[in-house]
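Below you'll find the structure, written out as structure tokens, and then a few comments.
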Amino acid sequence: GAVVSQHPSRVICKSGTSVKIECRSLDFQATTMFWYRQFPKQSLMLMATSNEGSKATYEQGVEKDKFLINHASLTLSTLTVTSAHPEDSSFYICSALRKREFNEQFFGPGTRLTVL
Amino acid sequence: GEDVEQSLFLSVREGDSSVINCTYTDSSSTYLYWYKQEPGAGLQLLTYIFSNMDMKQDQRLTVLLNKKDKHLSLRIADTQTGDSAIYFCAELPYTDKLIFGTGTRLQVFP
């Protein structure tokens with residue numbers, strides 16, 4: 001299957017700082033990427049859909065000014081958690097959509113964010 | 001709302017079969033998926049089934065789909081300790097956004 005990477009895999013930051021997470025599709029071009037959030041022992045919650053060259057589409061209840069998404073190229077989407085607070089601590093997972101005869105999402109390994 | 005339900009936990013002995021069940025909600029979903037998540041990792045696609053199919057077999061995995069009852073199941077034959085993980089079913093309605101189930105934690109003991 002295709003490979004999607006995330007960087008960093010783990011980050012610890014102080015409250016009030018901003019953190020950027022990168023999601024890269026390594027062997028295919030992805031016009032659409034997705035950002036998910038996962039709390040411990042829970043399912044994935046879709047935060048937003050990242051579209052190359054246009055604004056991201058946010059799910060209801062997700063603050064767009066808090067979670068900035070930039071999809072500047074066909075292989076890279078970034079999620080910036082601005083002015084992070086302890087309640088933003090979570091596991092963030094991205095996926096990239098490969099469009100063929102069968103549209104398939106390939107998931108990154110996730111980023112564990114801990115805000116102190 | 002859209003709730004895809006799964007039982008929380010399943011424990012099986014190594015070598016036995018595991019059956020993980022899922023109830024989805026959107027009858028327009030064209031694809032239904034099973035993903036595996038190991039601790040601290042992302043999701044790995046195990047298999048998928050088209051909504052016009054009743055069954056799909058892929059090596060040790062068998063997927064059964066009952067569209068009338070909106071019920072999906074994943075059977076893992078000869079379950080191994082390496083199969084211990086969380087399993088998520090997911091549906092893909094017309095919106096092209098995956099809707100994940102609540103997840104089933106499979107524990108395999110010797």
Residues in segment B:75-84 that are part of a strand (DSSP E or B) and open to solvent by 10 Å² or more (accessible area, probe 1.4 Å): how many? 1
Can you confirm whether B:D16 is away from every other protein chain (no Cβ under 13 Å), outside any strand (DSSP E or B), closer than 24 Å to B:P110 by Cβ and open to solvent by less than 80 Å² (accessible area, probe 1.4 Å)? yes
The residue that is nearest to A:C94 (Cα to Cα), considering only those in segment A:12-29 that are open to solvent by less than 30 Å² (accessible area, probe 1.4 Å) and either within 13 Å of chain B (Cβ to nearest Cβ) or assigned to a strand (DSSP E or B) (or both), is A:C23
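Residue-by-condition table, conditions (1) open to solvent by 50 Å² or more (accessible area, probe 1.4 Å); (2) among the aliphatic types (A, V, I, L, M); (3) under 30 Å from A:S90 (Cα atoms); (4) part of a strand (DSSP E or B):
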position	(1), (2), (3), (4)
B:S11	yes, no, yes, yes
B:D26	no, no, yes, no
B:L32	no, yes, yes, yes
B:P39	yes, no, yes, no
B:L65	no, yes, no, yes
B:A90	no, yes, yes, yes
B:V108	no, yes, yes, yes
Where the second residue is among the basic types (K, R) and part of a loop (DSSP other than H, G, I, E, B) and the first is away from chain B (no Cβ under 13 Å) and lies in segment A:82-108, which pairs have Cβ atoms under 7 Å and are six or more apart or on separate chains? A:T82/A:K66
Six or more apart or on different chains, Cβ atoms under 6 Å: show the pairs whose first residue is in segment B:32-45 and within 12 Å of B:G103 (Cα to Cα) and whose second is among the hydroxyl-bearing types (S, T, Y). B:W34/B:T47; B:K36/B:Y87; B:L43/B:Y35
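The values are calculated or read from the model by the stated rules, or taken from the named source; none is laboratory data. Computed from a predicted model, the values in this text were never measured in an experiment. Note: ideal-geometry Cβ built from the backbone for every residue, glycine included; neighbour counts use all protein chains shown. These accessible areas exclude ligands, DNA and RNA; they are computed on the full protein's heavy atoms, side chains included. Shrake-Rupley method; radii C 1.70, N 1.55, O 1.52, S 1.80 Å.
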